[in-house]
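**Q** Before I ask anything, let me first share the structure, which is written out below as structure tokens.
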Amino acid sequence: MTVKVTDAPEARRYEARLAGGSEVVGFAEYIRAPDLIAFVHTEVGPAHEGKGIGSALVRVSLDAARESGLSVLATCPFYLAWISRHPEYADLLYQNRSRVSD
């Protein structure tokens with residue numbers, strides 16, 4: 001099964017479709033700032049879970065972030081878990097550099 005992932009900036013999400021199909025079978029919602037992209041929610045339709053669609057969404061979106069020079073804020077638990085299993089993407093994670101404290 002081939003998954004095609006595309007950015008849908010008007011919907012603020014990456015969308016996954018099966019090759020040759022038009023139905024969105026999964027998506028990853030994001031909030032984008034000039035130097036940062038925050039991935040806030042990922043969802044795959046129940047009929048398509050466990051088929052690598054979520055992983056395809058994460059991999060394509062993180063590769064795009066790297067290509068665009070964006071830091072990644074992974075508030076979505078799926079993104080956090082996926083990155084922890086793929087440390088080659090850990091360098092993308094946003095690092096708070098503020099020296100302000102309470």
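The values are calculated or read from the model by the stated rules, or taken from the named source; none is laboratory data. Because the structure is a prediction, the values reported are computed rather than measured. Because the Cβ atoms are built from the backbone with ideal geometry, glycine has one as well, and the counts that use them run over all protein chains shown.
**Q** Provide a single number: the residues in segment 19-34 that are closer than 18 Å to G52 by Cα, aliphatic (A, V, I, L, M) and at pLDDT 95 or above.
**A** 3
**Q** Let me ask you something else. For residues that are closer than 16 Å to I53 by Cβ and assigned to a helix (DSSP H, G or I), tally how many sit in segment 69-84.
**A** Adding up the residues that qualify gives 4.
**Q** Within segment 34-52, is even one residue assigned to a helix (DSSP H, G or I) and loosely packed, with under 14 Cβ neighbours inside 10 Å?
**A** Scanning segment 34-52, I find at least one residue that is assigned to a helix (DSSP H, G or I) and loosely packed, with under 14 Cβ neighbours inside 10 Å, so the answer is yes.
**Q** If you scan segment 65-97, which residues turn out to be surrounded by 15 or more Cβ atoms within 10 Å (Cβ to Cβ) and under 18 Å from R13 (Cα atoms)?
**A** A65, L70, S71, V72, L73, A74, C76, F78, Y79, W82
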